[in-house]
1. Scan segment 204-220 for residues that are touching a Leu at 6+ places or on another chain (Cβ under 8 Å) and under 17 Å from L114 (Cβ atoms) and report the count.
2. Hey, any hits in segment 146-157 for a residue that's buried (at least 23 other Cβ atoms within 10 Å of the Cβ), within 16 Å of the ligand (Cβ to nearest atom) and of a type in the set (S, T, Y)?
3. Evaluate segment 95-109: report whether one residue or more is surrounded by fewer than 20 Cβ atoms within 10 Å (Cβ to Cβ), touching a residue at least 60 places away in the same chain (Cβ under 8 Å), over 22 Å from G314 (Cα atoms) and touching a strand residue (DSSP E or B) at 6+ places or on another chain (Cβ under 6 Å).
4. Could you check segment 68-94 and list, in sequence order, the residues that are open to solvent by 20 Å² or more (accessible area, probe 1.4 Å), more than 9 Å from the ligand (Cβ to nearest atom) and in a loop (DSSP other than H, G, I, E, B)?
5. In segment 201-244, what residues are out of contact with any helix residue (DSSP H, G or I) (no Cβ under 7 Å at 6 or more places or on another chain), free of Cβ contacts under 8 Å to residues at least 60 places away in the same chain and in a loop (DSSP other than H, G, I, E, B)?
6. Find all pairs meeting these conditions: Cβ atoms under 6 angstrom apart; at least six residues apart or on different chains; first residue within segment 69-94 and within 24 Å of D131 (Cα to Cα); second residue crowded, with 24+ Cβ neighbours inside 10 Å and among the polar types (S, T, N, Q).
7. Among the residues of segment 283-313, count how many are free of Cβ contacts under 8 Å to residues at least 40 places away in the same chain and within 17 Å of V140 (Cα to Cα).
8. Name the residue, out of D60, D65, D36, D51, that is open to solvent by 10 Å² or more (accessible area, probe 1.4 Å), in contact (Cβ under 8 Å) with a residue 12 or more places away in the chain and either closer than 28 Å to E269 by Cα or in contact with a helix residue (DSSP H, G or I) (Cβ under 7 Å, 6 or more places away or on another chain) (or both).
Amino acid sequence: RQGVVVITGASSGLGLAAAKALAETGKWHVVMACRDFLKASKAAKAAGMADGSYTVMHLDLASLDSVRQFVDAFRRAEMPLDVLVCNAAIYRPTARKPTFTADGVEMSVGVNHLGHFLLARLLLEDLQKSDYPSRRLVIVGSITGNDNTLAGNVPPKANLGDLRGLAGGLTGASGSAMIDGDESFDGAKAYKDSKVCNMLTMQEFHRRYHEDTGITFSSLYPGCIATTGLFREHIPLFRTLFPPFQKFVTKGFVSEAESGKRLAQVVGEPSLTKSGVYWSWNKDSASFENQLSQEASDPEKARKVWELSEKLVGLA
Ligand code: NDP
């Protein structure tokens with residue numbers, strides 16, 4: 001049978017390109033889990049995705065209620081779940097003041113990490129029920145996890161500190177909106193911190209569930225896709241100069257179509273079944289197992305992030 005893959009944030013950029021690449025193989029039915037239903041439907045049509053090869057379902061990761069409603073709606077649709085891709089993200093690089101989710105949590109960590117954490121925890125049960133030969137949970141990471149590269153070292157660097165801000169709920173009001181508890185808000189760092197949480201979560205899933213369930217847990221750095229909507233809140237000059245800079249100076253630039261193929265590989269390639277891996281691609285576009293930074297591979301930190309996140313999303 002066809003595999004069923006749920007991709008969050010499939011209305012643009014990497015998620016849309018991967019949805020298209022997977023649907024085109026005819027081997028996958030893609031559930032596009034998106035906050036803007038109309039935008040996602042239009043994007044799928046404009047990308048040339050065939051009717052019947054995808055289903056758009058509403059999911060706003062900035063609301064834990066919406067995450068739970070998505071899980072209910074998905075189950076009512078009576079589709080199996082073979083692969084879940086946590087891809088959606090929000091990036092607020094110039095923000096000096098936090099904004100908040102419906103649950104009152106700082107937006108970058110709330111959407112990128114906590115919304116996905118709840119979604120993945122709830123849908124693990126569905127992945128376990130699937131009879132598909134290779135079931136996978138993919139959490140999209142970022143270069144901020146590998147400090148063996150120039151881009152992974154650009155300030156402000158991710159640093160979760162002792163997690164005191166996360167423990168305080170990232171409310172901003174009575175405490176900090178930053179995971180490390182810093183009083184001042186930095187939108188670029190909040191995004192990087194959230195991506196470190198994504199990578200720690202993937203590894204903690206692997207440690208807790210891979211052996212018992214056989215599910216493959218993986219993350220990836222898809223390359224610098226300098227043209228996506230992720231940079232929509234950046235200053236105009238940055239948005240003009242960033243793509244050529246990545247193309248000609250760092251040479252890390254990757255097109256949306258190419259990045260979509262990379263993510264599609266992590267979803268379906270028979271050779272990429274190893275669990276607990278952070279995939280990257282070299283300049284010839286061959287995949288390899290990349291090393292994560294010390295913080296992004298710290299098992300003790302992963303356990304603490306897991307336990308604090310459980311409390312914040314109401315699982316503990
Ligand atoms: P885009 O901005 O193009 O796509 C992000 C997607 O997330 C959009 O579909 C957006 O929806 C969705 N989204 C945002 N907020 C929410 C929410 N509250 N609920 C549900 N969906 C939401 O960015 P990219 O394609 O570049 O990013 C995709 C992934 O790739 C992210 O995880 C990012 O961290 C990662 N990444 C990107 C890199 C790059 O260079 N671009 C590099 C490394 C990693 P909407 O269309 O409605 O805005």
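The values are calculated or read from the model by the stated rules, or taken from the named source; none is laboratory data. In this text, all values refer to a predicted model and were calculated from it rather than measured experimentally. Cβ sites come from the backbone with ideal geometry, for glycine too, and all protein chains shown count toward neighbours. Protein only, heavy atoms only, side chains kept; ligands, DNA and RNA dropped before computing areas. Shrake-Rupley method; radii C 1.70, N 1.55, O 1.52, S 1.80 Å.
1. Qualifying residue count, segment 204-220: 1.
2. no
3. Scanning segment 95-109 turns up no residue that is surrounded by fewer than 20 Cβ atoms within 10 Å (Cβ to Cβ), touching a residue at least 60 places away in the same chain (Cβ under 8 Å), over 22 Å from G314 (Cα atoms) and touching a strand residue (DSSP E or B) at 6+ places or on another chain (Cβ under 6 Å).
4. Of everything in segment 68-94, those that are open to solvent by 20 Å² or more (accessible area, probe 1.4 Å), more than 9 Å from the ligand (Cβ to nearest atom) and in a loop (DSSP other than H, G, I, E, B) turn out to be A77, E78, M79, P80, R92, T94.
5. If the condition is that a residue be out of contact with any helix residue (DSSP H, G or I) (no Cβ under 7 Å at 6 or more places or on another chain), free of Cβ contacts under 8 Å to residues at least 60 places away in the same chain and in a loop (DSSP other than H, G, I, E, B), then R232 is the only one that fits.
6. C86/T8; N87/T8
7. Qualifying residue count for the region: 3.
8. Details: D65 fails: either closer than 28 Å to E269 by Cα or in contact with a helix residue (DSSP H, G or I) (Cβ under 7 Å, 6 or more places away or on another chain) (or both); D36 fails: either closer than 28 Å to E269 by Cα or in contact with a helix residue (DSSP H, G or I) (Cβ under 7 Å, 6 or more places away or on another chain) (or both); D51 fails: in contact (Cβ under 8 Å) with a residue 12 or more places away in the chain.
Of the residues listed, the single one that is open to solvent by 10 Å² or more (accessible area, probe 1.4 Å), in contact (Cβ under 8 Å) with a residue 12 or more places away in the chain and either closer than 28 Å to E269 by Cα or in contact with a helix residue (DSSP H, G or I) (Cβ under 7 Å, 6 or more places away or on another chain) (or both) is D60.
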